[in-house]
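The values are calculated or read from the model by the stated rules, or taken from the named source; none is laboratory data. For clarity, every value in this text was computed on a predicted model and none was experimentally measured. Cβ placement follows ideal geometry from the backbone for every residue including glycine, while neighbour counts extend to all protein chains displayed. The accessibility values were calculated without ligands, DNA or RNA, using every heavy atom of the protein model including side chains. Shrake-Rupley method; radii C 1.70, N 1.55, O 1.52, S 1.80 Å.
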Amino acid sequence: MTGTSANEPARGALPLAGIRVIAVEQYGAGPFGTLYLGDMGAEIIKIEPPATERSPGGDSARQAGAHFLGDNESQFFQAFNLGKKSMQLDIKSAEGRAIFHRLVGTADAVVNNLRGDLPDKLGLTHATLGDIKPGIICAHLSGYGRTGERANWPAYDYLLQAEAGFMALTGEPGQVPTRMGLSVVDYLTGITTAFAMTAALLGAARTGKGRDIDVTLYDVAMHQLTYPATWYLNAGEATGRRPRSGHPSAVPCELFPTRDGHIFIMCVQQKFWERLCAIIERPAWLDDPRFTTPRDRFDNRDLLVDHLDARLGEKTTAEWMALMQGHLPVAPVLDLAGALDNPYFQQQGGIQTIAHPLKADFRAVSNPIRVDGERLAARPAPMLGADTKGILNELGYGDAEIADLRARKII
């Protein structure tokens, strides 16, 4: 879908309508967070560097991935920057900083996902920008924070999955540690930053006082260890990998082979175990002392899995899903194509068609948030520098001044 239908919330009615966010961001984590803010109605002005002799300019994500819409315009970039504005500006130059400061005076928040030692050097903190606008929120998403021995370390999702124990918890026992298939630390950190900014914006609206907000990939990754961390810190138990991506304590709660694929079943409550036994026509297991209670099933996990394998292998995944879905927690194991082509996903409005200037039928995954029961309508990501002139005009710069700034590569 494109534009605003009768059922879609108008942008002016969205929760963050009227909020202006300046984003000094690149690649994944930061853009993913501001993507959510933009979808909820905020105006996101993305600051991108001008071209140089060695670079075409813009967010490095414009050059990422195997699929492109045109020169310096990747599908990867689209995934993280729908609905934003693009302003080319060299904030390292004195004139660029002067323009940036004028823009800050019109904004509610400034967010960056730079290396931890750079926000202070570039004057992106509240200590500097608060003099321009006391209520400004300055959000910093970095690998390890703005202080400490790692402040100047570069960081990426895969590194945090390695150090925070994610890889050691993923995959089959006895095999090499395995990275999750998606950049989950980047995405979780982006969403955490978006939440922190929204909370800070609410505080500023009430008090008139802005502040710095810091979120790091490292802290978010460690915080996601949740109950395995609690078990280790209080009981000394280091949770390891279970076969077939099994749950560390609930049984059966793992991957099972069917006649033509795999299915994931989660009997995390006694009632689901009872329903499973009924559906697969094994009522005698309910009275088998080896499987009666959750603890019995845990102690005899391998034996139970063998029994389930034999029975579940008799039907296809679709046949079992037809019998189980809606009665107990169960899901087919799909590949990427199967997940995106899933009729249920299509029926739920999970994919939008967006009129991009270079591809009129560009398709993208919809934001998962619904407002007033409706999906949020997406808009294409901006062409590099598409909004530079309009924003500068708004700030009071004339066309001649803009042409001069462009000639000197300030914009």
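Listed values, structure above:
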quantity: Residues of the stretch 193-212 that turn out to be open to solvent by 30 Å² or more (accessible area, probe 1.4 Å) and β-branched (Val, Ile, Thr), as a count; calculated: 2
quantity: Selected residue (only one of Asp335, Asp404 is open to solvent by 30 Å² or more (accessible area, probe 1.4 Å), at pLDDT 95 or above and more than 30 Å from Pro252 (Cβ to Cβ)); calculated: Asp404
quantity: Any hit, the stretch 343-350, residues being surrounded by 13 or more Cβ atoms within 10 Å (Cβ to Cβ) and in contact with a Leu (Cβ under 7 Å, 6 or more places away or on another chain); calculated: no
quantity: Leading residue by the ranking (farthest from Thr178 (Cα to Cα)) among those in the stretch 213-227 that are open to solvent by 60 Å² or more (accessible area, probe 1.4 Å) and not β-branched (Val, Ile, Thr); calculated: Asp214
quantity: Residue match in the stretch 247-261 (condition: touching a residue at least 40 places away in the same chain (Cβ under 8 Å), over 25 Å from Gly174 (Cα atoms) and in a loop (DSSP other than H, G, I, E, B)); calculated: yes
quantity: Considering residues of the stretch 34-48 that are touching a strand residue (DSSP E or B) at 6+ places or on another chain (Cβ under 7 Å) and outside any strand (DSSP E or B) only, the residue nearest to Val184 (Cα to Cα); calculated: Thr34
quantity: Which numbered condition Arg179 fails, given (1) open to solvent by less than 30 Å² (accessible area, probe 1.4 Å); (2) within 22 Å of Tyr156 (Cβ to Cβ); calculated: (1)
quantity: Residue list for the stretch 291-306, restricted to those being within 18 Å of Pro257 (Cβ to Cβ) and touching a residue at least 24 places away in the same chain (Cβ under 8 Å); calculated: Arg301, Leu304, Val305
quantity: Test: Asn72 is closer than 19 Å to Ala386 by Cβ and at pLDDT below 95; calculated: yes
quantity: Cross-chain or 6+ apart pairs with Cβ under 7 Å, the stretch 124-135 first and in the same structural domain as Ile47 (by the TED database), then of a type in the set (Lys, Arg); calculated: His126/Arg211; Pro134/Lys209; Gly135/Lys209
quantity: Residue in the stretch 334-343 that is more than 30 Å from Arg244 (Cβ to Cβ) and in contact with a strand residue (DSSP E or B) (Cβ under 8 Å, 6 or more places away or on another chain) present; calculated: no
quantity: Filter result for the condition that a residue is assigned to a strand (DSSP E or B) and on the phi < 0 side of the Ramachandran plot, over Ser86, Ser55; calculated: Ser86
quantity: Residue among Ala79, Ala109, Ala61, Ala139 that alone is among the small types (Gly, Ala, Ser), within 18 Å of the chain's Cα centre (by Cα) and surrounded by 23 or more Cβ atoms within 10 Å (Cβ to Cβ); calculated: Ala139
quantity: Lone qualifier among Ile19, Ile99, Ile45 - being under 23 Å from the mean Cα position of the chain (by Cα), within 22 Å of His140 (Cβ to Cβ) and open to solvent by less than 10 Å² (accessible area, probe 1.4 Å); calculated: Ile45
quantity: Hey, Val305 part of a loop (DSSP other than H, G, I, E, B) and either under 22 Å from Gly174 (Cα atoms) or among the β-branched types (Val, Ile, Thr) (or both) or not; calculated: no
quantity: Residues satisfying the stated conditions in the stretch 228-243, i.e. in a helix (DSSP H, G or I) and either surrounded by 14 or more Cβ atoms within 10 Å (Cβ to Cβ) or in the same structural domain as Met266 (by the TED database) (or both); calculated: Pro228, Ala229, Trp231, Tyr232
quantity: Matching residues in the stretch 116-152 - criterion: being aliphatic (A, V, I, L, M) and not in a loop (DSSP other than H, G, I, E, B); calculated: Leu118, Leu122, Ala127, Leu129, Ile137, Ala139, Leu141
